[in-house]
Amino acid sequence: MKKICLTVIGLYLGLLAAFSQQGPANDSSYRSRKLKIDEINLVSSYYHQDGERAAVTGGIGSQKLTDISNTLDIKLIRYDRKDRKQVWTGEVGIDNYTSASSDKIDPKTISSASYADNRVYPSFSFSRENEKKGTEFGVGVSASSEYDYFSIGLNAHVTKKTKDRMGEFNAKGQAYMDRVSLIYPVELRGSEDPNAQKRGSAARNSYSVALSWSQIVNQRLQLAFLLDLVQQDGFLSLPFNRVYTEGGAVQVEHLPSSRFKVPIGARANYFFGDKLIIRSYYRYYFDDWGLKAHTANIETAIKLNNFFSLSPFYRYYRQTEVDYYKPYREHKVGSEFFTSNPDLSAFNSHFYGAGIRLSPPGGLFGWQHFNMLELRYGHYTRSNTLQANIVSLHLRYK
Amino acid sequence: MQLTDTFQAIDRNLFRRSLKLMGNRFDISVEARNRAVAEELIELAVSEIRRIEKLLTTFDENSLTNQVNEMAGIAPVIVNEELFQLVQRAQRISVLTQGAFDLSYGSIDKRLWNFDTSLKELPDRDTAKEMVRLISYHNIILDDVAGTIFLKEKGMRIGFGGIGKGYAADSAKRVLADAGVTSGIVNASGDLTTWGNQPNGNPWTIGIADPDSAGNPFSYINITDMSVATSGNYEKFITIGGKRYSHTIDPRTGYPVTGIKSVTIISPIAELADAMATPVMVMGIKVGLDLINQMNQMACIIIDEQQKVYTSKNITVI
């Protein structure tokens with residue numbers, strides 16, 4: 001099976017009510033006027049016109065001036081009365097995503113929704129930093145809505161830096177209250193299967209605590225250790241996953257209503273100057289369904305010049321199957337829990353590929369608003385026959 | 001302002017010297033192999049700024065600038081190429097800003113009305129106008145061939161308060177870059193210029209002061225090879241009838257400027273950033289933004305009296 005996914009993530013709109021690029025009514029004695037070409041380009045012609053060597057560029061000449069127009073981001077900070085830094089972030093992101101297999105849920109409908117389901121996810125967060133003490137805490141709320149899924153999330157984090165600011169401890173707690181719409185395979189709707197009797201939607205809650213320690217060892221080496229504890233409750237099966245038993249009967253998968261997961265990981269980043277960066281990552285995972293997994297990842301970023309970089313990567317992954325897994329037609333009738341979801345079987349996988357990133361100073365294709373393009377290609381092979389080629393395109397438009 | 005001359009290591013390869021130059025605090029930071037090398041390099045920048053101070057000061061009656069002022073209404077004065085070109089560039093900014101920037105701003109007649117924090121009322125329209133009668137960049141006559149500057153009216157004066165710090169920052173940067181310094185910042189009391197990246201490879205992070213709490217930034221930008229200048233009325237202002245007036249006088253009307261708390265200009269050239277900040281404040285939010293929006297490689301952030309923030313179109317707020 002070959003599958004090509006194309007993901008386009010882009011057009012992020014940063015909205016901030018207090019900001020404006022339109023001025024108010026004019027009350028000064030000066031009038032707006034259309035500038036002449038040499039005035040529009042005053043910066044680049046400033047010294048050149050006088051035949052003087054450009055002081056700014058250390059005498060290298062004015063053509064070396066950095067273009068400002070596509071690189072300026074300003075970040076807002078506020079300080080409260082106790083001199084603590086406060087950062088407010090509000091964001092509305094709109095995604096468009098594509099998936100090929102969700103069309104199989106009901107082959108009779110022409111499913112326009114599933115190849116272009118819109119995701120809308122407003123979020124709001126607040127954080128406060130005490131720079132003197134090196135501490136920060138924050139809270140956030142988010143909501144996410146999809147075709148078959150609605151989620152509300154709450155999170156809180158605390159951070160403490162060591163005295164020399166080289167080490168940082170971070171603890172983050174998150175709770176997600178999700179409602180999953182139960183969409184059954186077409187042949188099981190209205191059947192006698194007790195698990196398919198459930199209609200409408202079901203709750204699924206996740207609680208997690210993430211602890212991390214990051215340490216700057218020296219200018220070149222950074223390390224981080226990560227431990228997560230995740231508890232999930234509620235409806236954890238996917239109602240549209242079919243299970244065929246030994247006799248060929250079909251049911252929907254049924255899994256326990258609680259799952260406890262523990263990933264433990266470490267990261268190491270090594271910088272050879274600013275041209276070459278190596279990022280590596282290892283993670284061990286286990287849960288109380290009997291799944292154990294190892295992940296190892298290495299990624300490099302090679303900066304060829306200021307606006308062109310390459311990033312090859314490789315990821316290895318292996319996992320054992322969950323206690324409730326049996327392949328197609330191997331489940332016996334009468335087991336309490338059962339699944340044939342290949343994602344829960346034993347397998348190993350390799351994922352490798354490379355990305356290129358372009359951000360020319362004059363904008364892409366001569367269009368100044370279009371300032372970054374990132375194209376990634378990955379080839380994914382999994383021992384239980386799944387193969388995929390993944391191309392993702394990331395654009396930044398201003 | 002009392003400021004001692006201090007030298008400190010900020011990072012293993014980053015050194016900073018802070019001292020008073022041109023009547024202002026200068027902080028010069030450079031990336032260098034070690035302390036001794038940094039001291040030697042920064043000394044080059046300091047002597048360059050002292051040289052410029054000598055040329056531009058109006059506190060020393062023998063400075064070239066003051067010789068031009070002495071001869072106002074009498075005769076053209078032969079100046080060196082450096083001063084001639086600086087005035088020539090400044091004249092282009094005056095044309096661009098419809099006279100909101102004017103080198104002869106110092107010709108203001110302080111006998112009629114003087115900005116003072118104890119003021120209770122503004123002068124009438126005619127007095128205000130009379131006060132600024134000598135401010136006119138049209139009357140600064142440059143002779144390319146003779147290399148002279150002539151101030152047409154008696155009593156006229158030119159000064160470099162609105163452009164000199166930026167010019168000094170650019171010049172210090174040029175001297176340092178010529179000496180092989182690949183990254184650093186020259187900060188002339190808020191008119192600053194950056195080049196290269198921080199030793200850790202990241203661009204320089206520049207905070208923009210909050211007009212309501214000047215010691216703290218309200219926002220910051222990450223820049224390299226870019227200059228920033230801020231002009232604001234939050235340090236010197238008067239309140240009359242509940243309205244806040246800046247110490248900046250509109251050279252057209254003679255009245256103090258009102259409505260804007262601060263203007264920050266970002267541009268690759270410190271001299272231009274410095275010279276543009278005050279005129280944008282004088283011209284007002286609408287006209288000022290419209291001007292900057294038409295220009296390439298120049299950006300601005302304006303904070304008004306209501307603490308509302310306006311930015312030019314090439315800025316993204318995140």
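The values are calculated or read from the model by the stated rules, or taken from the named source; none is laboratory data. Remember, predicted model here, so these are calculated numbers, not experimental data. So basically every Cβ, Gly included, is an ideal-geometry build from the backbone, and we count neighbours across all protein chains shown. With ligands, DNA and RNA removed, areas are computed over all heavy atoms of the protein, side chains included. Shrake-Rupley method; radii C 1.70, N 1.55, O 1.52, S 1.80 Å.
Overview of results
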quantity: Selection status of B:Lys313, assigned to a helix (DSSP H, G or I), more than 19 Å from the chain's Cα centre (by Cα) and either more than 7 Å from chain A (Cβ to nearest Cβ) or surrounded by fewer than 24 Cβ atoms within 10 Å (Cβ to Cβ) (or both); calculated: no
quantity: The range B:183-198: number of residues that are open to solvent by 20 Å² or more (accessible area, probe 1.4 Å), within 10 Å of another protein chain (Cβ to nearest Cβ) and either modelled with pLDDT of 90 or more or in a helix (DSSP H, G or I) (or both); calculated: 0
quantity: Residue in the range A:335-344 that is open to solvent by 50 Å² or more (accessible area, probe 1.4 Å) and assigned to a helix (DSSP H, G or I) present; calculated: yes
quantity: Residue match in the range A:302-311 (condition: in contact with a helix residue (DSSP H, G or I) (Cβ under 9 Å, 6 or more places away or on another chain) and in the same structural domain as A:Arg220 (by TED's automatic domain parsing)); calculated: no
quantity: The range B:128-158: number of residues that are within 14 Å of chain A (Cβ to nearest Cβ), open to solvent by 20 Å² or more (accessible area, probe 1.4 Å) and either under 23 Å from the mean Cα position of the chain (by Cα) or farther than 14 Å from B:Gln85 by Cα (or both); calculated: 2
quantity: Residue in the range B:275-310 that is surrounded by the most Cβ atoms within 10 Å (Cβ to Cβ), counting only those that are of a type in the set (Gly, Ala, Ser) and at the interface with another protein chain (Cβ under 9 Å from one of its Cβ atoms); calculated: B:Gly288
quantity: Pair list, Cβ under 6 Å, 6 or more apart: the range A:291-303 residue among the acidic types (Asp, Glu), other residue open to solvent by 60 Å² or more (accessible area, probe 1.4 Å); calculated: A:Glu299/A:Arg279
quantity: Candidates A:Ser280, A:Ser345, filtered to the one that is more than 29 Å from A:Trp213 (Cβ to Cβ) and among the polar types (S, T, N, Q); calculated: A:Ser345
quantity: Number of the condition not met by B:Val37 [criteria: (1) aliphatic (A, V, I, L, M); (2) out of contact with any Gly (no Cβ under 9 Å at 6 or more places or on another chain); (3) open to solvent by less than 30 Å² (accessible area, probe 1.4 Å)]; calculated: (3)
quantity: Residue satisfying condition, being surrounded by fewer than 22 Cβ atoms within 10 Å (Cβ to Cβ), in a loop (DSSP other than H, G, I, E, B) and more than 13 Å from chain A (Cβ to nearest Cβ), within set B:Gly180, B:Gly201, B:Gly161; calculated: B:Gly161
quantity: Criterion: in a helix (DSSP H, G or I), under 22 Å from B:Val186 (Cβ atoms) and in contact with a strand residue (DSSP E or B) (Cβ under 9 Å, 6 or more places away or on another chain) - qualifying residue of B:Val87, B:Val68, B:Val46; calculated: B:Val46
quantity: Leading residue by the ranking (surrounded by the most Cβ atoms within 10 Å (Cβ to Cβ)) among those in the range B:220-274 that are touching a Leu at 6+ places or on another chain (Cβ under 7 Å) and away from chain A (no Cβ under 12 Å); calculated: B:Ile238
quantity: Lone unmet requirement of (1) more than 11 Å from chain A (Cβ to nearest Cβ); (2) open to solvent by less than 10 Å² (accessible area, probe 1.4 Å) for B:Ser171; calculated: (1)
quantity: Hits in the range A:230-263 - residues which are more than 20 Å from A:Ser151 (Cβ to Cβ), without any contact (Cβ under 8 Å) to a residue 40 or more places away in the chain and surrounded by 14 or more Cβ atoms within 10 Å (Cβ to Cβ); calculated: A:Pro263
quantity: Filter result for A:Ser258 (farther than 26 Å from A:His157 by Cβ and of a type in the set (Ser, Thr, Tyr)); calculated: no
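Yes/no per residue for (1) of a type in the set (Ser, Thr, Tyr); (2) on the phi < 0 side of the Ramachandran plot:
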residue	(1), (2)
B:Phe26	no, yes
B:Glu40	no, yes
B:Val46	no, yes
B:Val79	no, yes
B:Phe84	no, yes
B:Gln88	no, yes
B:Gln98	no, no
B:Tyr105	yes, yes
B:Lys110	no, yes
